[in-house]
Amino acid sequence: MATVLVASNRGPVSYVLGEDGSLDTRRGGGGLVSALSTIDSQESLWVCAALGEGDREAVRQGVGEPGVRMLDIPPDMYADAYNGIANSVLWFLHHHLYDIPREPVFDAAFRRRWDSYRAYNRAFAEALAAEAAEGAAVLVQDYHLALVPGQLRELRPDLRIAHFTHTPWASSTYLRMLPTDIREELLRGMLGADRLGFHTRAWAAAFTDCAGASGLGRSQVAVYPLGVDADELRALAHRPEVDEKLTELRAEVGDRKTIVRVDRTELSKNILRGLLAYRELLTTHPEWRDRVVHLASAYPSRQDLESYRAYTAAVAELADEINTEFGTADWQPVLVSVKDDFTRSLAAYRLADVALVNPVRDGMNLVAKEIPVVSETGCALVLSTGAGAYEELKEDALTVNPFDVSETAEALHTALTMPPSERADRTKRLSSTATSLPPQRWFLDQLEALRD
Ligand code: F6P
């Protein structure tokens, strides 16, 4: 029986099914993985969902990693819960993404998907209840599993339960779009936890506003702003393959300045307005033509959803337009990479003169924290007020309203012209704030508070 349990939709490992039926194991990185490595693996268990056919086959064959239990949820139920509710409803609510004249529509089909979401949460709650030792600590992650705390509390009142939200939390006006009974079920699910964690004070306050301060009951709300592990990140950024990529990028960029962005192609990341701002920069400040390159990594995400496919195509189209409008025989203004290529991203981080992080709304945004830590000559950070990281980094960033393309274009100009000494000073302070709560500390602080 485990004494520390983590539950998340996406687990630390996944399996790819080969044509010959063999299973190839892929281990993921990320904050939770390194955080959990501090706990004795005899004591801990990570419960996650089987995401694809490879994972399902691994569960069927009994293949697995010690300390990880994958749940083989029926594929239709899983698709309805993950794509139909978590990604298309809860993600859209928390990031304020709806195109209001058309969406959302809460009809009978939505109710059927919600039943799947409840059942998928229930599968997690039952697995956790079966695996947890008496009085164990259970740390549930994210909007996929918002009902688990309440369901688990009913099954195992002895457990200490925490839930952490990695996204923003919706404003109360936005959350009120949900049918009343569903909104109440969602909040009751969350409020089954002893402790509810958020990345920023703003998201914690939004939750409290939705729940009503008096409705919190036993749940305590706390803020843990996840940061980066400086040593680990610098070591990753100085591997030989990153050096090689850096040489290639330097050859493409020449002695021009760089504006760097790295995102999943995700509706909330505001990549289109970022490109529009770059186009406006080249129009209102023509002196930057042929003197700057925009390195944009925009790797595909959630391509099962039509709105994401359309957005990905629109990003590529706009980048092409800018290149056609301004490009010359030896200057390509935007270099877009659509591959999920962490090595290239780290090389771009090292090369960054300016980092552009302009999400409309974002739980934290670790890219805003990572670039200052590894940029070689110091970078000026253009940061949206909608990023969770804004709360901690606003003093040393150039902050912009994510909807104001002209303001963003002007901030890019200010960033590009920032004197090197000012840039270095700001980067030093950004980097120190960014590394103040590395993943292991972030996790252990929550675990200690939960056990107290
Ligand atoms: O931002 C919250 C988060 O859970 C991230 O941790 C993660 O990158 C993403 O949302 C979920 O992505 P996916 O749907 O690809 O698992």
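The values are calculated or read from the model by the stated rules, or taken from the named source; none is laboratory data. All figures in this text were calculated on a predicted structure; none of them were measured in a lab. Note that we place each Cβ from the backbone using ideal geometry, even for glycine, and neighbour counts take in every protein chain shown. In case anyone asks, the SASA skips ligands and DNA or RNA and just uses the protein heavy atoms, side chains included. Shrake-Rupley method; radii C 1.70, N 1.55, O 1.52, S 1.80 Å.
Rundown of residues vs (1) within 30 Å of residue 83 (Cβ to Cβ); (2) over 20 Å from the mean Cα position of the chain (by Cα), yes/no style:
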{"position": "315", "(1), (2)": "yes, no"}
{"position": "318", "(1), (2)": "yes, yes"}
{"position": "337", "(1), (2)": "yes, no"}
{"position": "342", "(1), (2)": "yes, no"}
{"position": "345", "(1), (2)": "yes, no"}
{"position": "354", "(1), (2)": "no, yes"}
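For the condition farther than 19 Å from residue 5 by Cα, small (Gly, Ala, Ser), in contact with a Lys or Arg (Cβ under 7 Å, 6 or more places away or on another chain) and at pLDDT 95 or above, residue 84 qualifies.
The set of residues in the stretch 1-55 being within 23 Å of the chain's Cα centre (by Cα), closer than 30 Å to residue 436 by Cβ and surrounded by fewer than 13 Cβ atoms within 10 Å (Cβ to Cβ) consists of 27, 28, 29, 30.
Scanning the stretch 153-160 turns up one or more residues that are out of contact with any strand residue (DSSP E or B) (no Cβ under 7 Å at 6 or more places or on another chain), at pLDDT 95 or above and more than 30 Å from residue 106 (Cβ to Cβ).
Taking first residues from the stretch 349-361 that are more than 17 Å from residue 271 (Cβ to Cβ) and partners that are in a strand (DSSP E or B) and not aliphatic (A, V, I, L, M), the Cβ contacts under 9 Å between residues at least 6 apart in sequence or on separate chains come to 351/258; 353/257; 353/258. Among the residues making up the stretch 96-135, a single one is surrounded by fewer than 22 Cβ atoms within 10 Å (Cβ to Cβ), hydrophobic (A, V, I, L, M, F, W, C) and part of a strand (DSSP E or B): 133. If you go through the stretch 1-40 and pick out every residue that is more than 12 Å from the ligand (Cβ to nearest atom), within 25 Å of residue 137 (Cβ to Cβ) and among the polar types (S, T, N, Q), you end up with 4. Among residues of the stretch 114-137 that are at negative phi, those with a Cβ under 7 angstrom from a residue that is of a type in the set (Phe, Trp, Tyr) and surrounded by 22 or more Cβ atoms within 10 Å (Cβ to Cβ), sequence gap 6+ or separate chain, pair up as 120/78. Taking residues in the stretch 182-208 that are more than 10 Å from residue 146 (Cβ to Cβ), and partners anywhere that are aromatic (Phe, Trp, Tyr), the pairs with Cβ atoms closer than 6 Å and at least 6 places apart or on different chains are 197/164; 197/224; 203/169; 204/198; 206/169; 207/169. Applying the criterion of being β-branched (Val, Ile, Thr) and open to solvent by 10 Å² or more (accessible area, probe 1.4 Å) to the residues of the stretch 395-412, the residue that is farthest from the ligand (Cβ to nearest atom) is 405.
Every condition in (1) under 30 Å from residue 434 (Cβ atoms); (2) in a helix (DSSP H, G or I); (3) open to solvent by less than 20 Å² (accessible area, probe 1.4 Å) is met by residue 58 except one, and the failing one is (1). Anything in the stretch 195-208 that is under 21 Å from residue 448 (Cβ atoms) and either open to solvent by 20 Å² or more (accessible area, probe 1.4 Å) or at pLDDT below 95 (or both)? List them, or say none. Hits for the stretch 195-208 are 195, 201. For the stretch 35-48, state whether one or more residues are assigned to a helix (DSSP H, G or I), in contact (Cβ under 8 Å) with a residue 24 or more places away in the chain, in contact with a strand residue (DSSP E or B) (Cβ under 8 Å, 6 or more places away or on another chain) and among the aliphatic types (A, V, I, L, M). There is at least one residue in the stretch 35-48 that is assigned to a helix (DSSP H, G or I), in contact (Cβ under 8 Å) with a residue 24 or more places away in the chain, in contact with a strand residue (DSSP E or B) (Cβ under 8 Å, 6 or more places away or on another chain) and among the aliphatic types (A, V, I, L, M). The numbered conditions (1) over 21 Å from residue 278 (Cβ atoms); (2) more than 16 Å from the ligand (Cβ to nearest atom); (3) surrounded by fewer than 22 Cβ atoms within 10 Å (Cβ to Cβ) are all true for residue 385 except (1). Residue 192 fulfils the conditions (1) surrounded by fewer than 18 Cβ atoms within 10 Å (Cβ to Cβ); (2) in contact with a Pro (Cβ under 9 Å, 6 or more places away or on another chain); (3) small (Gly, Ala, Ser) except for a single criterion, (1).
Scanning the stretch 66-93 for residues that are open to solvent by 50 Å² or more (accessible area, probe 1.4 Å), out of contact with any helix residue (DSSP H, G or I) (no Cβ under 6 Å at 6 or more places or on another chain) and not in a helix (DSSP H, G or I) yields 66, 69, 74. Out of all the residues in the stretch 1-24, which are of a type in the set (A, V, I, L, M, F, W, C) and free of Cβ contacts under 8 Å to residues at least 40 places away in the same chain? 16, the sole residue that qualifies. Does residue 392 meet the test of being within 16 Å of the ligand (Cβ to nearest atom), under 28 Å from residue 235 (Cβ atoms) and either in contact (Cβ under 8 Å) with a residue 60 or more places away in the chain or polar (S, T, N, Q) (or both)? No. Just one of (1) more than 16 Å from the ligand (Cβ to nearest atom); (2) in contact (Cβ under 8 Å) with a residue 40 or more places away in the chain; (3) surrounded by 15 or more Cβ atoms within 10 Å (Cβ to Cβ) fails for residue 156. It is (2). For the stretch 65-83, a residue qualifies if it is touching a residue at least 12 places away in the same chain (Cβ under 8 Å) and of a type outside the set (A, V, I, L, M, F, W, C), and the qualifying residues are 65, 66, 67, 69, 72, 75, 76, 78, 80, 82, 83. Restricted to the stretch 166-181, and to residues that are among the hydroxyl-bearing types (Ser, Thr, Tyr) and open to solvent by 10 Å² or more (accessible area, probe 1.4 Å), which residue is farthest from residue 148 (Cα to Cα)? So, considering only residues that are among the hydroxyl-bearing types (Ser, Thr, Tyr) and open to solvent by 10 Å² or more (accessible area, probe 1.4 Å), the one farthest from residue 148 (Cα to Cα) is 173.
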